[in-house]
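The values are calculated or read from the model by the stated rules, or taken from the named source; none is laboratory data. Fair warning: this is a prediction, and the values are worked out from it, not measured in the lab. For neighbour counting, all protein chains shown are included, and Cβ atoms are generated from backbone atoms with ideal geometry for every residue, glycine included. Accessible surface areas use protein heavy atoms only, side chains included; no ligands, DNA or RNA. Shrake-Rupley method; radii C 1.70, N 1.55, O 1.52, S 1.80 Å.
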Amino acid sequence: IVAPYLEDALVSLGVKPAAQWSAGALLLNYLQPQLKDVPKLDFIKLLPEEVASFEPDLFIVPFAVRAQNGAYDQFAKIAPTYVFQDATKDWRKTLLTLGDLLNRTNKANEVLKEYDTKMAGIKQFLQAKTAGKTAAIMLISDKSFSLMQEQTYSGNVVYGALGFQVPSMAKGNDWKEISLEVLPELNADYIFLMQVDGADPLQNKDLASIYETLIWKNLNAVEAGHVYSVDRDYWINTGLIANEKVAEDVQELVSE
């Protein structure tokens, strides 16, 4: 099986792919314990001859746009090819679809049941502290903040599975660029700042000018000590394993 960018679902189903997604040197680091020996497939180019080199029995394309302009016909000559419109939009449906394709329907249902039980437990654990509280998930630079909205990547976990309230700015299924001056309108009770290249944004000296402003210091989350650094690797991702890791991060950080 070769299914680039669907390794989270494959690992959840107990399937080891013949190749794994990469973008240059970039990998899905959070899955490397399970995929450390699996060769890389460059998804930026996604060359048919490279796919063929892995001799897959089944090739799965995660985004329909990558099968356009004759690409599907080239892939189909290599192996039976299944194409998702966008496998990241509904990770649960994607997992179930892969379960059906790989004759692992029972396994898919089993891991989803375990996932739902685990999420419910974490949500219940958090309720004493987070009931009615808002959260914001952001990437920060020296010029702006990119706010992740509720139906995007880990937004589905924080707002959906774990029950944090959604600030009005975070309603939607995309990213919203906001400035420092607008942060008081967001004013979330908890802020999760995603790392860039593994660097802790709260220790970034280039951002000190932001953290020293009265606007930043007067935010609810900052005053309460509820600003946390989290791993972009799986916070900007979607899948059973990524989602569980996000929920575990939240549980650990909020409990401190």
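Comparing Ala199, Ala108, Ala170, which has the greatest mean-square fluctuation in the GNM of the chain with Cα pairs linked when under 10 Å apart? Among Ala199, Ala108, Ala170, the largest GNM mean-square fluctuation belongs to Ala199. The range 187-256 and the range 3-69 have Cα centres spaced 29 Å apart.
Across all Cα atoms of the chain, the radius of gyration (one decimal) and Dmax (whole number) stand at 19.8, 61 Å. Against the chain, whose longest principal axis is taken from its Cα atoms, helix 240-255 shows a tilt of about 20°.
The residues of the chain have, on average, 49 Å² of accessible surface per residue, using a 1.4 Å probe with all protein chains present. Over 23 Å between Cα atoms: which of Lys16/Lys93; Lys113/Lys245; Lys205/Lys245; Lys40/Lys205; Lys171/Lys205 fall into that group? Flagged as over cut-off: Lys205/Lys245; Lys40/Lys205; Lys171/Lys205.
Among the trypsin sites (Lys or Arg not before Pro) in the range 1-71, those located in a DSSP loop and surrounded by at most 12 other Cβ atoms within 10 Å of their own Cβ are Lys36, Lys45. Of the solvent-accessible surface of the chain, computed with a 1.4 Å probe over protein heavy atoms with every protein chain present, carbon and sulfur atoms account for 47 percent. In sequence order, the range 111-122 has phi-based couplings of 6, 5, 5, 5, 4, 4, 5, 5, 5, 4, x, 5 Hz under the Karplus curve 6.51 cos²θ - 1.76 cosθ + 1.60, θ = phi - 60°, and Gly or Pro positions carry x. Across the range 12-24, coupling constants 3J(HN,Hα) worked out from phi with the 6.51/-1.76/1.60 Karplus curve, θ = phi - 60°, read 4, 8, x, 10, 9, x, 7, 8, 10, 4, 8, 9, x Hz, and Gly and Pro carry x.
Relative contact order for the range 150-256: what percent, with Cα pairs under 8 Å and sequence separation of 6 or more?
31
Couplings 3J(HN,Hα) for the range 85-99, derived from phi with the Karplus relation 6.51 cos²θ - 1.76 cosθ + 1.60 (θ = phi - 60°), are 5, 7, 5, 8, 6, 9, 4, 5, 4, 4, 4, 5, 5, 5, x Hz, where x marks Gly and Pro.
Helix-only estimate, please: 222 nm mean residue ellipticity of the chain, summing -39500 (n - 2.57) across DSSP H runs of length 4 or more and dividing by its residues, to the nearest 500.
About -10500 deg cm²/dmol.
Taking amide H as placed 1.01 Å from N in the peptide plane, the amide H of Gln20 sits under 5 Å from that of Lys40, Leu41, each at least 5 places away or on another chain.
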